[in-house]
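Here's the structure we're looking at; comments come further down.
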Amino acid sequence: MFKTVLPLSAILSLRFFGLFLVLPILSTYALGMEGSTPLLVGVIVGGYALTQAIFQVPFGTMSDKIGRKPTLLIGLVIFLVGSIICAVSGDIYMLMIGRFLQGAGAIGAVIPAMISDLVPEEKRGHAMALMGGTIAISFALAMAIGPVIGAYFGVQSLFWITGLLSIAAMLILFTKVPTPPKIHHIYHSSTTTADILKDPNLLSMIVTNGMQKGLMTVAFVIIPILLIQPEYGFLWDKKELWHAYLPAMFMGLVAMGPAAVFGEKHNKPREIFLLSIVLFIVAFTLMGFATKGWEFILGVVSFFIAFNMMEPLVQSMISKFAKVHQKGAALGIANSFAYFMTFIGGTLAGIALQYSNRETLAIGLIVVTTLWLLWTFKMQNPHRYSHLYLPMDDVDQEKLSGLEHEHIAEWYINETENVAVVKYRKSLIEEEAIKAKIVKG
């Protein structure tokens, strides 16, 4: 599994690393450009996410028709072009166009789909957690490296680095990633978008994914502006931003491991999500009302810990709660909503700084995150399932079509490999009892 998932995770992580690299100082850089306002700065910080949301479904559909690899290549080329435009931009509007193009290469849902093609269903939760973990690591490293490189070599250098990373991702795509098989399935039921949204656990995870990403852009609009702009009283220099980001990055990485183990191995993701949301509330309280630098840094640390604790688990939990034939649609909806919220978060933060003050913004964020906390209490931890694989030559298809049991979650037929797969709760029903229901004879 690792040889399959790691190259794909590397491609996605390199892309996200490039996007994250500029986030710690992008808002102050954009604020100094000709024609800039706090509102436009917010749009630029979250702008890539708007085009991500728009192009998620078209790229997913394209990958089904022309293949995953060609679609990934197209997305990476668009991302490269957007990065170059950002690097050479001379005004706020050209920078905005570049950021929109960076997001238009919307491969965020194609890679999970490719993992689903290559990894057996019972291992996909771990595969998605591995993918989320690599993204969280890239996020943390970018937070430490980006401010230093940007302060000494200019923000333009970060966009050139981002372009080089996209080229590296293309090389990995064609040297390390296998071509996925085209597998045709017959599922035991069908699903509409409404069915996904009616599932309370899936809906909770979609909301969680969106809130986490939306708060990320809020943070990266306000952190550098509040620390650097003189009206907020901290009076930091751009070269000092790493003093806030480095301890936050370190603590975020430290917290990520235990959170992933507790959430995945001990099957307690709900508890991790609740703790993370409480830390988000603490973070925005401190950032909104801090009067001393160390208080503000403590808020930044709390934010990074909360974000990194969630990141390895979000995609995994969506994959676990969704039925096998729902996974692509559920991940597509979740990612589209997350990107939309990323754009909304940056835009609203820009509006708040332009027309209000940081205290009012903090109160608004505290109210929203508290409501999110109450919502998440409804979420349940996923059941643990086992999988039974049977050759179709041994299966009575009529009996399989009528297979219904309270402890059997679903079944499907992999026609390409001529195998029937039954997903069931091993602690509540025996494998032999399932075989007795569907095996010929």
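The values are calculated or read from the model by the stated rules, or taken from the named source; none is laboratory data. What you see is a predicted model; the values in this text were computed from it and never measured. So basically every Cβ, Gly included, is an ideal-geometry build from the backbone, and we count neighbours across all protein chains shown. Calculation scope for accessible area: heavy atoms of the full protein, side chains included, ligands and nucleic acids excluded. Shrake-Rupley method; radii C 1.70, N 1.55, O 1.52, S 1.80 Å.
Only one of these conditions is not met by MET379: (1) modelled with pLDDT under 80; (2) under 28 Å from the mean Cα position of the chain (by Cα). Which number is it?
Going through the list (1) modelled with pLDDT under 80; (2) under 28 Å from the mean Cα position of the chain (by Cα), MET379 breaks only (1).
Under 9 Å between Cβ atoms, at least 6 apart or on separate chains: pull out the pairs that start in the range 228-246 with a residue that is touching a residue at least 60 places away in the same chain (Cβ under 8 Å) and more than 22 Å from LEU21 (Cβ to Cβ) and end on any residue that is open to solvent by 80 Å² or more (accessible area, probe 1.4 Å) and of a type in the set (Lys, Arg).
PHE234/LYS292
For SER89, are the conditions met, namely being without any contact (Cβ under 8 Å) to a residue 60 or more places away in the chain and not acidic (Asp, Glu)?
So SER89 fits the description; yes.
Can you name every residue in the range 346-388 that is open to solvent by less than 60 Å² (accessible area, probe 1.4 Å), of a type in the set (S, T, N, Q) and under 27 Å from LEU197 (Cβ atoms)?
Residues satisfying the conditions are THR347, THR369, THR370, THR376, ASN381.
Condition check: among the hydroxyl-bearing types (Ser, Thr, Tyr), part of a helix (DSSP H, G or I) and open to solvent by less than 10 Å² (accessible area, probe 1.4 Å). Does SER336 satisfy that?
no
Name every residue in the range 369-406 that is touching a helix residue (DSSP H, G or I) at 6+ places or on another chain (Cβ under 8 Å) and within 30 Å of PHE303 (Cβ to Cβ), in order of residue number.
Answer for the range 369-406, where residues must be touching a helix residue (DSSP H, G or I) at 6+ places or on another chain (Cβ under 8 Å) and within 30 Å of PHE303 (Cβ to Cβ): THR369, THR370, TRP372, LEU373, TRP375, THR376, PHE377, LYS378, MET379, GLN380, ASN381, PRO382.
Kindly indicate whether VAL282 is open to solvent by 20 Å² or more (accessible area, probe 1.4 Å) and closer than 18 Å to ALA142 by Cβ.
Taking the combined requirement at face value, the residue does not satisfy it.
Determine which member of the set VAL57, VAL43, VAL77 is open to solvent by 10 Å² or more (accessible area, probe 1.4 Å), within 16 Å of ALA169 (Cβ to Cβ), of a type in the set (A, V, I, L, M, F, W, C) and part of a helix (DSSP H, G or I).
Checking each option against the conditions leaves just VAL77.
Can you pull out every residue in the range 86-111 that is open to solvent by 20 Å² or more (accessible area, probe 1.4 Å) and part of a helix (DSSP H, G or I)?
Across the range 86-111, the qualifying residues are VAL88, TYR93, MET94, MET96, ILE97, PHE100, LEU101.
Looking only at residues in the range 287-313 that are more than 25 Å from the chain's Cα centre (by Cα) and assigned to a helix (DSSP H, G or I), which one is surrounded by the fewest Cβ atoms within 10 Å (Cβ to Cβ)?
Of everything passing the filter in the range 287-313, TRP294 is surrounded by the fewest Cβ atoms within 10 Å (Cβ to Cβ).
If only one of ALA140, ALA151, ALA169 is assigned to a helix (DSSP H, G or I), modelled with pLDDT under 85 and crowded, with 18+ Cβ neighbours inside 10 Å, which one is it?
After applying the criteria, what remains is ALA140.
Being within 22 Å of the chain's Cα centre (by Cα), surrounded by 19 or more Cβ atoms within 10 Å (Cβ to Cβ), more than 14 Å from SER166 (Cα to Cα) and in contact (Cβ under 8 Å) with a residue 40 or more places away in the chain narrows it down to one of SER9, SER13, SER83, SER63, so name that one.
One residue alone meets the criteria, SER63.
Go through the range 413-435 and count every residue that is open to solvent by less than 20 Å² (accessible area, probe 1.4 Å) and under 19 Å from ARG384 (Cβ atoms).
6
Being touching a Ser or Thr at 6+ places or on another chain (Cβ under 6 Å) and either of a type in the set (A, V, I, L, M) or modelled with pLDDT under 75 (or both) is the filter here; which residues of the range 178-215 pass it?
The answer is ILE183, HIS184.
I'd like the full set of residues that are of a type in the set (D, E, K, R), more than 15 Å from GLU410 (Cα to Cα) and modelled with pLDDT under 85, limited to the range 426-441.
LYS440
What is the one condition in (1) open to solvent by less than 20 Å² (accessible area, probe 1.4 Å); (2) modelled with pLDDT of 85 or more; (3) part of a helix (DSSP H, G or I) that ASP393 does not satisfy?
Among (1) open to solvent by less than 20 Å² (accessible area, probe 1.4 Å); (2) modelled with pLDDT of 85 or more; (3) part of a helix (DSSP H, G or I), ASP393 violates only (1).
Considering only the range 322-333, state which residues are in a helix (DSSP H, G or I), open to solvent by less than 30 Å² (accessible area, probe 1.4 Å) and either out of contact with any Ser or Thr (no Cβ under 7 Å at 6 or more places or on another chain) or aliphatic (A, V, I, L, M) (or both).
If the condition is that a residue be in a helix (DSSP H, G or I), open to solvent by less than 30 Å² (accessible area, probe 1.4 Å) and either out of contact with any Ser or Thr (no Cβ under 7 Å at 6 or more places or on another chain) or aliphatic (A, V, I, L, M) (or both), then ALA330, LEU331, GLY332 are the ones that fit.
Taking HIS407 as meeting all but one of (1) open to solvent by less than 70 Å² (accessible area, probe 1.4 Å); (2) under 23 Å from the mean Cα position of the chain (by Cα), write down the number of the exception.
Here HIS407 clears every test but (2).
Which ones in the range 216-238 are in contact with a Phe, Trp or Tyr (Cβ under 7 Å, 6 or more places away or on another chain) and open to solvent by 10 Å² or more (accessible area, probe 1.4 Å)?
Within the range 216-238, ILE228, PHE234 meet the criteria.
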